[in-house]
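These notes concern the structure reproduced below.
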Amino acid sequence: MSDLVFRGGRVFLAAGAFAEAVLVRGGRIAAVGSEADVSRLASAGHETVDLGGGLLTPGFTDAHIHPVQAGLERAKCDLAEEYGLDEYVARIAAYAEANPGHEWIDGGGWDMAAFPGGLPHRSQLDFLDRPVYLIQRDHHAAWVNTRALELAGITRDTPDPADGRIERDPDGTPSGVLHEGAMDLVGLLTPRPTARDMHDALLEAQSYLFSKGITGWQDAIVGSYAGSDDQLPTYVSAAASGALKARVVGALWWDRTRGAEQIPELVERRASAAGLERFRATSIKIMQDGIAENFTAAVIEPYCRCGGTGLSYVDPELLKGYVAELDRHGFQVHFHAIGERAVREALDSFEGSDPANRHHIAHLQIIEPSDVPRFARLGVTANLQPLWATHHAQMDELTIPFLGEERSSWQYPFADLQRAGARFCAGSDWPVSNADPIQGMHVAVNRTEPGGSVHAGYPTAQTPFLPGQRLDLATALTAYTAGSAWINHDDEAGSITPGNRADLVVLDRDPFTEPQADIWRTEVAMTFVGGEQVYRR
């Protein structure tokens, strides 16, 4: 591999610090500095990568993402690029017509905000005589038709599972929406993907993520959940064969129906991936609550209008013991926590844990203000999904009215966390939302919807959401690079520093010199992993 010299733009080093050029040798950063100095150090036969006036950054690491699931959904009835009942029905009908041999019509990507009260109905899918199972965009509910309910034996007499809810018509008949754990009542009946399907889904997702500048990630569910299949063998096989070029940490799924007796199994699962260069299974994913829109996020005071305080999937007292045992085994713990009670329960469980394990809490939609300083005190990283921090239909119509004024003001308190000294990493939760880190940075900085999103035309989409919680661009970019690489225990990536791997992204412009409102227009021109070009626009 010949030397590479990146020149012709700027190089992001840190907040307020930039360079002119970078030398890559043997897949690693060899020098950083002025064009003249770097050129003098390069070999006679070096190649030049012209930045074209754009910005060179470290490769992005997505700290909370579901690529295999996304790849599978993209190969099925994918509604992610549609919005509205008419558009969904047209896409579903076209998919059914194109796949007459499929026993089930399954896929996902529908948005709660496209339906009154956030709830579609089985009757809207009953134009098909085949069973239909479509996962909501955020994966916390499924939309099914009458045929699917019949095959699953779900009637008005079927009780709600402990970790979910069957949405019902006024007479008690299931309406066609299954929340949280109730999804499995139908989801487990759908056709299972083959090992080849899973492999192809991973590689399809990897290719797409490279196009967004993502060179590493943490898969936030490696295990079986809500009808999904265990991705661990897929990652191990792809890493062993060399097909996996990104560097990945798998967060092994904590089965919330079980207790500490599963820890030895998790230790064995971690060991099954030992010795692989591109994949490690060193994190544990605990989903502590649901989401605010269906009232399963765990809150302290009852929801307005409907009462109830949501679900804590793991008993908080037992949780402390589980986390302490995982911490003793050297696992990182990766929490899903949306409501302020779930965030507090996760923080409580980390009291006395070892900061060297780099524990983190994802989503953090609502944080009670007194809990904000605990992140820095406990050494717990705030794992941000910035795209959600805007005024869109789901926020304005399905969230704020049920949280109330005070609690709504506690949402996505990025600046408060920064002022309190919290460490950041960042991710997308793709396919729940857009995988593009640039779009996430745009929201972190502006607290408005990026142009081109399905929500960009919503009446208040360009009204900043809690603008006092904005981050500056350097902080947001660092969260997606150094912060997320750090959370993956990848200490040779995330910054353009001599000796680090040359995981690099060339942006088509320098967003630091553009108006903040136009950050979303920035695109990835090239992506490199270890000095090897894996994407070119």
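The values are calculated or read from the model by the stated rules, or taken from the named source; none is laboratory data. Because the structure is predicted, anything quoted here is derived from the model rather than measured. We place every Cβ from the backbone using ideal geometry, glycine too, and count neighbours over all the protein chains shown.
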Selected residue (only one of A273, A226 is at pLDDT 95 or above and hydrophobic (A, V, I, L, M, F, W, C)): A273
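With respect to D416, determine if the residue is charged (D, E, K, R) and over 24 Å from I221 (Cα atoms).
yes
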Go through (1) hydrophobic (A, V, I, L, M, F, W, C); (2) without any contact (Cβ under 8 Å) to a residue 60 or more places away in the chain; (3) under 23 Å from A201 (Cα atoms) one by one and return the number of the condition A90 breaks. (3)
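Can A31 be described as of a type in the set (A, V, I, L, M, F, W, C), surrounded by 19 or more Cβ atoms within 10 Å (Cβ to Cβ), under 19 Å from G530 (Cβ atoms) and in contact with a helix residue (DSSP H, G or I) (Cβ under 6 Å, 6 or more places away or on another chain)?
Considered against the rule, which asks whether it is of a type in the set (A, V, I, L, M, F, W, C), surrounded by 19 or more Cβ atoms within 10 Å (Cβ to Cβ), under 19 Å from G530 (Cβ atoms) and in contact with a helix residue (DSSP H, G or I) (Cβ under 6 Å, 6 or more places away or on another chain), A31 comes out as yes.
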Which numbered condition F18 fails, given (1) in contact with a Pro (Cβ under 7 Å, 6 or more places away or on another chain); (2) assigned to a strand (DSSP E or B): (1)
Before we move on, is Q69 among the polar types (S, T, N, Q) and in contact with a strand residue (DSSP E or B) (Cβ under 7 Å, 6 or more places away or on another chain)? no
Can you find even one residue in segment 460-468 that is among the hydrophobic types (A, V, I, L, M, F, W, C), farther than 18 Å from A382 by Cα, within 21 Å of the chain's Cα centre (by Cα) and not in a loop (DSSP other than H, G, I, E, B)? no
Residues within segment 256-265 that are within 18 Å of S228 (Cα to Cα) and surrounded by 14 or more Cβ atoms within 10 Å (Cβ to Cβ), tallied: 1
Just to check your reading of the model, which residue among A113, A90, A98 is modelled with pLDDT under 95 and out of contact with any strand residue (DSSP E or B) (no Cβ under 9 Å at 6 or more places or on another chain)? A113
Pick from segment 478-501, criterion within 16 Å of the chain's Cα centre (by Cα) and not hydroxyl-bearing (S, T, Y), ranking: surrounded by the most Cβ atoms within 10 Å (Cβ to Cβ): A479
Residue within segment 357-366 that is farther than 20 Å from A476 by Cα and either of a type in the set (D, E) or not in a loop (DSSP other than H, G, I, E, B) (or both) present: yes
Take the residues in segment 30-66 that are outside any strand (DSSP E or B) and in contact with a Lys or Arg (Cβ under 6 Å, 6 or more places away or on another chain); name whichever of them is nearest to I361 (Cα to Cα). G54
For segment 422-435, enumerate the residues that are more than 8 Å from the chain's Cα centre (by Cα), buried (at least 24 other Cβ atoms within 10 Å of the Cβ) and either in contact (Cβ under 8 Å) with a residue 60 or more places away in the chain or in a helix (DSSP H, G or I) (or both). C425, A426
Write out, first by first residue and then by second, each pair whose Cβ atoms fall under 7 Å of each other, whose residues are 6+ apart or on separate chains, and whose first residue, in segment 446-460, is on the phi < 0 side of the Ramachandran plot while the second is among the aliphatic types (A, V, I, L, M) and surrounded by fewer than 16 Cβ atoms within 10 Å (Cβ to Cβ). N446/A517; E449/A456; P450/A456
Within segment 49-57, identify whether any single residue is under 26 Å from W217 (Cα atoms), touching a strand residue (DSSP E or B) at 6+ places or on another chain (Cβ under 8 Å) and among the hydroxyl-bearing types (S, T, Y), and answer yes or no. yes
Working carefully through the options A70, A75, A36, A15, find the one that is surrounded by fewer than 19 Cβ atoms within 10 Å (Cβ to Cβ) and under 30 Å from G223 (Cα atoms). A75
Would you tally the residues in segment 334-356 being in contact (Cβ under 8 Å) with a residue 12 or more places away in the chain and either touching a Cys at 6+ places or on another chain (Cβ under 7 Å) or part of a helix (DSSP H, G or I) (or both)? 11
Assuming T390 fulfils every condition listed in (1) polar (S, T, N, Q); (2) in contact with a Ser or Thr (Cβ under 9 Å, 6 or more places away or on another chain); (3) not in a loop (DSSP other than H, G, I, E, B) apart from one, which condition is it? (3)
Could you figure out which of (1) farther than 19 Å from Y225 by Cβ; (2) buried (at least 20 other Cβ atoms within 10 Å of the Cβ); (3) of a type in the set (A, V, I, L, M, F, W, C) isn't true of A297? (1)
